[in-house]
Amino acid sequence: MSSRHSSQLQNSRTELRQAIIDCRSAFMVVGAFSLVINLMLLAPSIYMLQVYDRVLTTGRLETLLMLTLIVGAALLAMSVLESLRTMITIRIGIWLNSRIGPILIERCVRAKIKGDGAGAQPMRDLTQIQSFIATNGLAFFFDGPWVPIFLLLIWLLHPLLGTVAIIATLVLLGLTLLNDLLTRRSTIRANQDQVVATQQIDGAIRNAEVVHAMGMLPAVIDRWRQVHGTGMVALLQGAEIGGILQGLTKFIRFFVQSGVLGLGALLAVKGELSPGAMIAASILLGRGLTPVEMAMQAWRNLVTARSAFGRIDGLLRSLPPEPEHIRLPHPVGRLTVDNLRYVPPGSGKPVLRGVSFCVEPGEAIAIIGPSAAGKSTLCRFLVGIAQPTSGTVRLDNSELAHWNREQLGASIGYLPQAVELFSGSVRINIARMASDPDDKAIIDAANLAQAHDMIVELDEGYETQIGDAGTVLSGGQRQRLGLARAVYGEPCLVVLDEPNANLDTAGESALAAAIAELKARGTALIIVGHRPSTLAQADKLMLLRDGLIELFGPREEVLQKLRDAAARRRAADERADLSGQSTEATAEVFREPNSREVSSP
């Protein structure tokens, strides 16, 4: 029973919580170092006690020398251990970042596919947690338990001094809790607003050309100023309250420390306390109150780190790890779609309704249809980006969800409507960001995409740095590089969504040649587009409208049906014109996708 409970507990932990638990041995070492450090911090108090009570009364200089050497050794050991403790906490933060970073990147990608707009914010949250662990904020949790011990030692020197020290500590703890009570809500709100403001600016920078071209910058700045301003007001409120309480804390600490020294002097005059104990009590009190004061200074970082931890933990809980799948035999490229249906979350209207078809290796299917027909959505399902509401997509009779993701990705080529390239060289982008790409495969992919001549004409050829998202390239160049990336590694299935949207005549000819070569190699092709140059390479045509397949079959057969429908529409329009009636309703009945473009090539 206990093993089952342990297994359930293990499964309920996110990777972040498990990583924190895996750091417990390192935290134990930090705790052991903190133990010795705080013991060594007693050395100055003992030193002053012995100097006042022994050296000054006896005048023995050798005793002073030995005491000085001992306290020097203790302080040196404390300094070394303090440095080592800092090094360990820095390494814990780095290890945690390295451990969780790749997991977060994978989850952020999956979250983006599902429509989450958080972007890279979880990575910034992870950096916040790393910073908190590596700074003095974490040291409070190891030094704080020593506060009662220092108070006990002061009490042993004299109960009156101990009473004053305990009251001062309770007052400072009360101020710390009051600071948390008064500033937590504003700190959290300021942190959330800053996250939203950062996401807005990230989006504006990603769309810099649109923002600049259409004069949207003032509106973008206004939106940022509204959100950022709200966050700054909350941050200012919390900072002002925290600043007042922190100043009050410093006053109480220094006043009480001086007061203990004065009270000790009074007791020494009365003969109830030695001069050495008076000095030692003041030093012990200063040391005992330091972690309490540190807690107030680090509280804002603690709240921020805790909020970051909650966001990351929530993301990891909402997107559990994908199950591992066995590597199946290398696919040949037979794609089967069976009764595919998709209803977006929160919407009652289906985007795809019972779509079924099959693509054989070496066969090309062109998908046409009006806007919002579901063409791009269908492409997303064909490459395994999303899961349908019902129905299946199979590659070589195995559902896409059952394939090993890395193996499936290497077997699929995908060119979306909006071609996204990465910062780096042309070579790295074609090689799908591989750390050790195969140069021969890169050249083969470029030749297959008819992009090799274009690439070698660039300033540095394949080593040309294309900038963020390929900003130094034209739209047509980005599309041809995207095609080269799609065919890298000779995938068995290639899905091209509007592949010639940004191509000129030469680019379209190169695309047609690439499609013909892919078919000759036995690659299954799905092409979304209406231009004759694209349809000329298709073996079959599919007309998709409102998520349904209206026509599907051999290319010439579908084209003839479309020409017949266009002829009927023109005849109906002519009759409507002769009778003086509006042609809008008639046109709507026979409306078809881009009838001029889908005419026979």
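The values are calculated or read from the model by the stated rules, or taken from the named source; none is laboratory data. What you are looking at is a predicted structure, and each value in this text was computed from that prediction instead of being measured. Here the Cβ is made from the backbone with ideal geometry for all residues, glycine too, and neighbour counts use every protein chain on show. Just the protein is used for accessible areas: all its heavy atoms, side chains included, with ligands, DNA and RNA removed. Shrake-Rupley method; radii C 1.70, N 1.55, O 1.52, S 1.80 Å.
Out of all the residues in segment 260-280, is one or more open to solvent by 10 Å² or more (accessible area, probe 1.4 Å), over 14 Å from HIS158 (Cα atoms), touching a residue at least 12 places away in the same chain (Cβ under 8 Å) and in contact with a helix residue (DSSP H, G or I) (Cβ under 8 Å, 6 or more places away or on another chain)? No; the residues of segment 260-280 include none that is open to solvent by 10 Å² or more (accessible area, probe 1.4 Å), over 14 Å from HIS158 (Cα atoms), touching a residue at least 12 places away in the same chain (Cβ under 8 Å) and in contact with a helix residue (DSSP H, G or I) (Cβ under 8 Å, 6 or more places away or on another chain).
Looking only at segment 343-361, residues that are out of contact with any Pro (no Cβ under 8 Å at 6 or more places or on another chain), open to solvent by 20 Å² or more (accessible area, probe 1.4 Å) and either within 17 Å of GLY413 (Cα to Cα) or not small (Gly, Ala, Ser) (or both) come to 8 in all. Run ASP573 past the list (1) open to solvent by 50 Å² or more (accessible area, probe 1.4 Å); (2) over 13 Å from LEU415 (Cβ atoms) and report the number of the one that doesn't hold. Answer for ASP573: the failing condition is (1).
Selection of segment 122-137 for residues being part of a loop (DSSP other than H, G, I, E, B) and either open to solvent by less than 20 Å² (accessible area, probe 1.4 Å) or more than 17 Å from GLY288 (Cα to Cα) (or both) yields THR135, GLY137.
For segment 304-342, enumerate the residues that are surrounded by 21 or more Cβ atoms within 10 Å (Cβ to Cβ), over 26 Å from ASP125 (Cα atoms) and under 28 Å from the mean Cα position of the chain (by Cα). Of everything in segment 304-342, just one residue is surrounded by 21 or more Cβ atoms within 10 Å (Cβ to Cβ), over 26 Å from ASP125 (Cα atoms) and under 28 Å from the mean Cα position of the chain (by Cα), namely TYR342.
Filtered by the rule that a residue be polar (S, T, N, Q) and buried (at least 19 other Cβ atoms within 10 Å of the Cβ), segment 67-96 gives a lone residue, THR89. If the condition is being open to solvent by 40 Å² or more (accessible area, probe 1.4 Å) and either modelled with pLDDT under 85 or not small (Gly, Ala, Ser) (or both), then segment 510-532 contributes GLU517, LYS519, ARG521, ARG531, PRO532. For segment 31-57, a residue qualifies if it is open to solvent by less than 80 Å² (accessible area, probe 1.4 Å) and of a type outside the set (A, V, I, L, M), and the qualifying residues are GLY31, PHE33, SER34, ASN38, PRO44, SER45, TYR47, GLN50, TYR52, ASP53. Look at GLY215 and say whether it is farther than 30 Å from LEU35 by Cβ, open to solvent by less than 70 Å² (accessible area, probe 1.4 Å), outside any helix (DSSP H, G or I) and modelled with pLDDT under 75. Here the answer is yes, as GLY215 does meet what is asked. Within segment 282-303, the presence of a residue that is open to solvent by 20 Å² or more (accessible area, probe 1.4 Å), touching a residue at least 12 places away in the same chain (Cβ under 8 Å) and farther than 19 Å from ASP143 by Cα is excluded.
For SER390, the conditions (1) under 21 Å from LEU518 (Cα atoms); (2) in contact with a strand residue (DSSP E or B) (Cβ under 6 Å, 6 or more places away or on another chain) all hold with the exception of (1). Annotation for segment 172-182: no member residue is closer than 28 Å to ILE21 by Cα, of a type in the set (D, E, K, R) and surrounded by fewer than 16 Cβ atoms within 10 Å (Cβ to Cβ).
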